[in-house]
Amino acid sequence: EKALTYTAMPQMLDQEAWVSGQGCWVQVGLAAALQFQEQKGRWPGLGNEADANELLTMAKAISARSKESDGACWLRKYEWGCPSDESADPTQVDPMIRRFSLLFQAELTGLCAFLGGAIAQEVIKKTGKFLPIEQWIHHDDSCLVRGQGNPGQFARTRYSHQAAVLGPKFVQDIAKQTVFLVGCGALGCEYLKGLALMGACTAPGSKLIVTDMDRIEVSNLSRQFLFRQSDVGSPKSTSAARVVKGWNEDLQIEALEKGVGATSEDYFDDEFWGRLDLCWNALDNVVARKYTDKCCLWYGLPLLESGTLGTKSNSDVFLPGHTKSYNDGTESDANENQIAMCTLRSFPYLPLHCIEFAKQAYFADYMEFAPQQYESFRKDKAGFFEQLDAMGETEQFKSLKMIKGYIELQKAGKVDFDACIRTAFDQYCKDFITSVRDL
């Protein structure tokens, strides 16, 4: 409560809005909403004009009280990033606070996804490696608002909040789109969820086409939330399509297991590209991104492009004839020093990928994990088994198996260079000959 009142210049995601003092009216509006809820036992109603007028009155009263306190947040004017002693222009601030109230209870799928990501990042920051958000941080995107709280014909439907903010026409328009989503990994799952919950591609004649050649692996389950343990080994595209179709039965979705490139132009031909309204990339390599960008440029399609690598991310919108294309300013894969795990495991296409796979699959296990586990077992058996109990079953089995291998190696005789070569050869045969024949 103290930070709510005495954060003089609340932070905004948009740095320009922050410098211009836009966070003040959001902070005061939030304080008014909390007071409204405390007095009435409910939040301001969606599109409720009476509630909006009452909340505006509360906000002005809070601002007037805070103005008398040093370091408090109130509706003041900011010039060149510096606060002044003058009050903000009511003709500008009042409509924004009323809009804040009218849409206070509205939830947007995309914003909820962002908040989930922001919260996850804050949890990670508990480790102390990154600086956490300091107190309050706000975001206001007035360009999204078209509905002013009136959902129109979508009242009392699953799209009522969306229509209230973005307008009924927006909901109608996205329902009629034909969208091509290329890739169904971590980003692709998020996009499928968003499209399904927003009601995109739900009208007759529309379609959401998703393609991905990959199969689901255990390593995918931690970040590709549409998949479960029972889906391991199944195609990503069909599994994800099944899940989101269950969320929204009106969704017109088609799942493919085809790569997008020069070798698949017999399927992704002129007719296919000609009936699309939008192409959306969720890819993990530059070669495929360049190809889809070239096709979008040729067929005059908008392209949504994005990517992640660790904690880094990027997103771009490319509009033929209005913006540069992806190929105009892209970098090559050679400039990346990290490689996506799905590329390593399923479609390695560079010598570097093979080296990185060997480093992760062999060096980490046989040169780090195994010796550490063996030394822990040899020096402190009680401590080792206590540590073992904290592991998952897979890790426990791997640890014990590797320790057993070390013991058997020592029992077989002198551990010299020849013994190491024999052990390495046996491991090679097991991983690259026996396992293949066992398939």
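Quick look at the numbers
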item: Check on Asp51, among the acidic types (Asp, Glu), closer than 19 Å to Trp136 by Cβ and touching a helix residue (DSSP H, G or I) at 6+ places or on another chain (Cβ under 9 Å); result: no
item: Residue within the range 424-434 that is open to solvent by less than 60 Å² (accessible area, probe 1.4 Å) and touching a residue at least 12 places away in the same chain (Cβ under 8 Å) present; result: yes
item: Residues satisfying the stated conditions in the range 339-365, i.e. open to solvent by 60 Å² or more (accessible area, probe 1.4 Å), modelled with pLDDT under 75 and more than 23 Å from Asp293 (Cα to Cα); result: Met341, Arg345
item: Search result, residues across the range 1-29 that are free of Cβ contacts under 8 Å to residues at least 60 places away in the same chain, more than 22 Å from Cys82 (Cβ to Cβ) and either among the acidic types (Asp, Glu) or open to solvent by less than 60 Å² (accessible area, probe 1.4 Å) (or both); result: Glu1
item: Subset of the range 151-167 [of a type outside the set (Ser, Thr, Tyr) and either more than 28 Å from Gln22 (Cα to Cα) or in contact with a Leu (Cβ under 9 Å, 6 or more places away or on another chain) (or both)]; result: Pro151, Gly152, Gln153, Phe154, Ala155, Arg156, Arg158, His161, Gln162, Ala164, Val165, Leu166
item: Sole exception among (1) at pLDDT 90 or above; (2) more than 30 Å from Gly45 (Cα to Cα); (3) of a type in the set (A, V, I, L, M) for Ala113, by number; result: (2)
item: Positions within the range 30-59 being open to solvent by 70 Å² or more (accessible area, probe 1.4 Å) and more than 17 Å from Phe100 (Cα to Cα), in sequence order; result: Glu38, Gln39, Lys40
item: Lone unmet requirement of (1) more than 30 Å from the chain's Cα centre (by Cα); (2) loosely packed, with under 12 Cβ neighbours inside 10 Å; (3) modelled with pLDDT under 95 for Lys67; result: (2)
item: Residue match in the range 195-206 (condition: part of a helix (DSSP H, G or I), open to solvent by 20 Å² or more (accessible area, probe 1.4 Å) and of a type in the set (A, V, I, L, M)); result: yes
item: Yes/no for Gly413 being surrounded by 13 or more Cβ atoms within 10 Å (Cβ to Cβ) and either modelled with pLDDT of 85 or more or among the polar types (S, T, N, Q) (or both); result: no
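The values are calculated or read from the model by the stated rules, or taken from the named source; none is laboratory data. The model shown is predicted, which means the values in this text are computed figures rather than measured ones. Reconstructed Cβ throughout: ideal geometry from the backbone, glycine too, with neighbour counts over all protein chains shown. All accessible areas refer to the heavy atoms of the entire protein, side chains included, with ligands and DNA or RNA removed. Shrake-Rupley method; radii C 1.70, N 1.55, O 1.52, S 1.80 Å.
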